[in-house]
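This report concerns only the one structure given below.
The values are calculated or read from the model by the stated rules, or taken from the named source; none is laboratory data. Just so you know, these numbers come straight off a predicted model, no measurement behind them. Please note: Cβ atoms are built from the backbone with ideal geometry, for glycine as well, and neighbour counts cover all protein chains shown.
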Amino acid sequence: MTGIYIHVPFCAKKCPYCDFFSKNYTADNEMRFVRAIVRDIENFPERITSDTIYFGGGTPSLLKAESISLMLEALKNKFDIISPEVTMEVNPSTVYRNKLELYRQAGINRLSFGVQSANDDELKLLGRLHNYEKAAAAVNEAYSCGFNNISCDIMTGLPAQTTQKLGHTIDMISDLPVTHISSYILKAEPGTPFYNEEFINTLPDDDYSAELYLFMVNKLEQKGFMQYEISNLSKKGYESRHNLKYWHCEEYIGFGPSAHSYHKGKRYFLPDSIEDFFKAPMSYKITDDAAGGYDERIMLGLRLKEGIALDDYPEKAHIISERSEKFIKAGLMTKQNNRLSLTPKGFLVSNSIISDLIL
Ligand code: SF4
């Protein structure tokens, strides 16, 4: 079934490390945004069947529950939506009990909180609007409102981050009623305020970043969160159904400025212009019109702990198997029942391993 992604391009304040497309929120823009999304849903040229809907951003939790209901209603009228996982990314500084209850009534059943750290000095450095107390209270409120599928983001590779500080974050967050963790390694992305030499010099080097990553995976696994993808761990049965579609190379369609789609063998995205998006349906930009080939499937599949079944790639199995031997010997890959997968150490150098295997 096809996944549905809606990009909500608003934030209360831009974080200095973030290169996702978002602009300042205003109530007027919220109304125009919802109207434009509903317009594009209604204009979509076919009736698809879907079981996952994902509100990402930006900060979807700046929107009123009423706006979320209008978009979900449009999706249900236009498409066949079957037992959906409906996720919303949440900035902890934007929610309170009543709003969370209304989101649940609107149909959201999975929340993904951008907590990032339990250390307030790190949250301040990241320019976040919440402190840890606020984030923990928001997660607990969500749980008490009936949300039992909650993810939190944890950021590693922060300036001056030690295993002790990261360990504190993991201890605090894993004590919350959380079923899923997404982890991100902080990078100074071009075009962001962090992209300057002075800041870049404060980031841990690659070796220490790797140590932090492996420490985090190990500690979270001890706490019952099993790694299922390079950057994602969950309690059993709580893997993100929507994000698994990306790695399984299944189709998804995106609505909203800068949203990406993979549909009918093509990968494409909408331009990142809010004003153009409000005015009229925008033309998609195609990035690949022959997507979903073997190489792409192997590349995406190896991001998953389950890896790839060599039998699925009869034309390539022999050469991949041969090339993987040196990585298996080095403890970077494993091969079991003709399935090939990366180890946590291998995930750290996944790009170079995957290029070596498929090129
Ligand atoms: S990190 Fe999240 S809240 Fe911060 S600017 Fe990016 S999308 Fe907005």
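Couple of notes before you dig in:
- Strands (runs of 3 or more DSSP E) (entirely within the stretch 192-264) containing at least 1 residues that are closer than 30 Å to MET71 by Cβ and free of Cβ contacts under 8 Å to residues at least 60 places away in the same chain: 232-234, 260-263
- The requirement of being within 16 Å of the ligand (Cβ to nearest atom), hydrophobic (A, V, I, L, M, F, W, C) and crowded, with 17+ Cβ neighbours inside 10 Å is not satisfied by LEU75.
- So TYR96, is it surrounded by fewer than 18 Cβ atoms within 10 Å (Cβ to Cβ) and within 16 Å of the ligand (Cβ to nearest atom): no
- Residue within the stretch 20-43 that is in the same structural domain as GLU85 (by TED's automatic domain parsing), buried (at least 18 other Cβ atoms within 10 Å of the Cβ), among the β-branched types (Val, Ile, Thr) and within 16 Å of the ligand (Cβ to nearest atom) present: no
- Counting only residues that are within 16 Å of the ligand (Cβ to nearest atom) and either buried (at least 23 other Cβ atoms within 10 Å of the Cβ) or at negative phi (or both), the stretch 99-128 holds 13 of them.
- Total residues in the stretch 291-305, condition closer than 20 Å to GLU251 by Cβ, of a type in the set (D, E, K, R) and outside any helix (DSSP H, G or I): 1
- Count of residues meeting criterion [part of a helix (DSSP H, G or I) and either farther than 19 Å from PHE278 by Cβ or away from the ligand (no atom under 16 Å from the Cβ) (or both)] in the stretch 44-69: 6
- Filtered by the rule that a residue be in a strand (DSSP E or B) and within 16 Å of the ligand (Cβ to nearest atom), the stretch 1-19 gives TYR5, ILE6, HIS7, VAL8, PHE10, CYS11.
- For the stretch 157-173, the criterion of being within 16 Å of the ligand (Cβ to nearest atom) and under 30 Å from ALA65 (Cβ atoms) is met by none of the residues.
- Here ASN201 passes the criteria (1) loosely packed, with under 13 Cβ neighbours inside 10 Å; (2) closer than 29 Å to GLU85 by Cα except the one numbered (2).
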